[in-house]
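Chemist: A single structure is presented below for examination.
Throughout, read-outs are computed from the coordinates displayed, never taken from laboratory work. What you are looking at is a predicted structure, and each value in this text was computed from that prediction instead of being measured. Using ideal geometry, Cβ is built from the backbone for each residue, glycine included, and neighbour counts are taken over all protein chains shown.
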Ligand code: TXA
Ligand code: MG
């Protein structure tokens with residue numbers, strides 16, 4: 001059930017967590033499916049409810065006054081610098097884990113992912129609970145991440161008893177993940193914190209390849225996916241690039257060419273606004289039951305990098321525009 005954030009619903013959330021149950025947790029990025037991070041049975045429930053494969057590890061959420069060393073060890077200077085600069089905020093660090101972190105949460109890895117969410121309700125709950133919460137995005141595995149309490153209800157409503165309603169997520173795309181376990185820090189998943197901002201602290205970052213075995217979420221094929229098949233255009237959008245048939249189009253901006261089947265992410269072409277709206281727009285197009293959704297890439301900088309990443313992961317294939325038709329390519 002969705003409940004507004006009040007002293008009563010927060011107390012209810014604490015009780016549920018103490019009893020080893022999972023709750024819907026608002027954050028600034030997307031809603032999480034949270035459980036007591038130090039209780040292995042509670043953590044196992046997250047995997048069950050999400051139908052998430054056991055090899056896909058979770059992210060730990062910390063209160064602002066909680067030491068990172070509660071869950072992580074051997075924290076390099078560069079990671080401490082990033083914490084100082086960007087926490088609370090949409091930045092997740094992967095570090096060697098503490099023994100207290102159950103193996104089920106990290107999928108048996110010797111490392112743990114942790115972040116400090118920049119959201120009042122999340123922080124109030126974390127502080128009241130006094131322990132870190134493990135929480136992946138609150139969607140069924142492979143589906144679009146939820147950015148409202150209603151979207152959590154749609155995804156998982158039958159399997160959880162409490163969803164705290166913290167409003168629409170301010171950022172709309174998951175946290176940026178930085179791997180701090182090697183000699184140099186690396187980008188493991190683009191997200192709400194722009195790479196350019198992080199590089200001001202770290203200098204140029206290596207980007208972990210999308211090929212090879214998955215080490216960050218998006219690396220599993222068909223993540224963030226609507227039920228309707230979604231194709232990603234290899235070409236940038238021009239008004240009029242619409243074939244016959246029953247298709248929906250997802251574009252950065254279509255101002256001056258209003259059309260019901262073309263959904264724009266930002267009237268002014270603003271990439272931050274586009275990021276905030278991305279998952280909601282995908283849900284909206286999905287609900288219209290088109291034959292397919294054609295999405296267009298956005299400029300690949302700032303939030304655009306994370307938007308393009310999510311579109312690629314959601315796509316079943318690429319298409320090109322040829323003589324008034326979309327061709328698979
Ligand atoms: O913004 C966010 O990060 C949201 C909110 C709820 O905090 N959470 C989120 O969780 O996006 P999720 O489960 O959808 O993505 C977590 C990803 C995993 O898929 C995994 O690839 C990566 O974080 N991860 C977790 N632990 C890791 C580890 N030890 N090493 C490498 N990657 C890890
Ligand atoms: Mg996810």
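Chemist: Can you tell me the order of 309-320, 16-27 when each peptide is scored by its average per-residue count of other Cβ atoms within 10 angstrom, highest first?
Modeler: My ranking of the peptides, most packed first, is 16-27, 309-320.
Chemist: What nm value, rounded to one decimal, do you get for the distance between residue 154 and residue 289 when each label is placed 7 Å out toward the C-beta?
Modeler: Spacing of the two 7 Å Cα→Cβ label points: 1.5 nm.
Chemist: Now for a different question. In a Debye calculation with equal point scatterers on the alpha-carbon sites of segment 29-156 and no solvent, what is log10 I(q)/I(0) at q = 0.11, 0.13, 0.19 Å⁻¹?
Modeler: -0.35, -0.49, -1.07
Chemist: In nm, give the distance between the simple-model label positions of residue 65 and residue 272, each being 7 Å from the Cα along the Cα-to-Cβ direction.
Modeler: In this crude label model, residue 65 to residue 272 measures out at 3.0 nm.
Chemist: Roughly speaking, what is the stretch gain from residue 99 to residue 222, that is 0.36 nm per residue apart minus the C-alpha to C-alpha distance, in nm to one decimal?
Modeler: Using 0.36 nm per residue and subtracting the Cα-Cα distance, I get 41.0 nm.
Chemist: Which angle between 0 and 90 degrees, to the nearest 10, do you get for helix 120-129 versus the longest principal axis of the chain when only C-alpha atoms count?
Modeler: The angle comes out near 30 degrees.
Chemist: Now a separate question. In terms of the Cα gyration tensor, with a ≥ b ≥ c the square roots of its eigenvalues, is segment 275-329 rounded because a/c is under 1.5, prolate because a/b exceeds b/c, or oblate?
Modeler: Oblate shape, in that a/c is at least 1.5 and b/c is the bigger or equal ratio.
Chemist: Could you tell me whether segment 157-307 comes out rounded, prolate or oblate from its Cα gyration tensor? Rule is a ≥ b ≥ c as square roots of the eigenvalues, rounded for a/c under 1.5, then prolate if a/b exceeds b/c, otherwise oblate.
Modeler: prolate
Chemist: If you don't mind, there's one more thing I want to ask. In percent, what relative contact order does segment 226-297 have, based on Cα pairs under 8 Å that are 6 or more apart in sequence?
Modeler: Worked out over segment 226-297, it gives 51 percent.
Chemist: If I stretch the segment between residue 301 and residue 199 completely, what's the gain in nm (0.36 nm per residue apart, minus their alpha carbon distance), one decimal?
Modeler: Fully extending the segment from residue 301 to residue 199 adds 35.4 nm.
Chemist: Tell me the angle of helix 303-314 to the major Cα principal axis of the chain, expressed in degrees between 0 and 90 and rounded to the nearest ten.
Modeler: So the inclination is approximately 80 degrees.
Chemist: Roughly speaking, what is the stretch gain from residue 184 to residue 124, that is 0.36 nm per residue apart minus the C-alpha to C-alpha distance, in nm to one decimal?
Modeler: 18.2 nm
Chemist: Could you calculate, for the chain, the ratio of the Cα radius of gyration to the Kirkwood radius, expressed as Rg to Rh?
Modeler: Using Cα coordinates only, the ratio equals 0.97.
Chemist: Highest first, please rank the peptides 34-46, 78-90 by the mean number of other Cβ atoms sitting within 10 Å of their residues.
Modeler: Peptide ranking by packing, descending: 34-46, 78-90.
Chemist: What translational diffusion coefficient, to the nearest whole µm²/s, does segment 44-102 have by Stokes-Einstein, given a Kirkwood radius computed over alpha-carbon pairs, a temperature of 10 °C and 1.306 mPa s viscosity?
Modeler: Estimated via Stokes-Einstein, D reaches 122 µm²/s.
Chemist: Report the residues of segment 116-146 in range of a label on residue 11: point 7 Å along Cα→C-beta, backbone N strictly under 20 Å from it.
Modeler: 121-131
Chemist: Separate question: Using the per-residue mean of other Cβ atoms lying within 10 Å as a proxy for protection, in what order, highest first, do the peptides 241-248, 52-59, 138-145 fall?
Modeler: Ranking, from highest mean packing down: 138-145, 52-59, 241-248.
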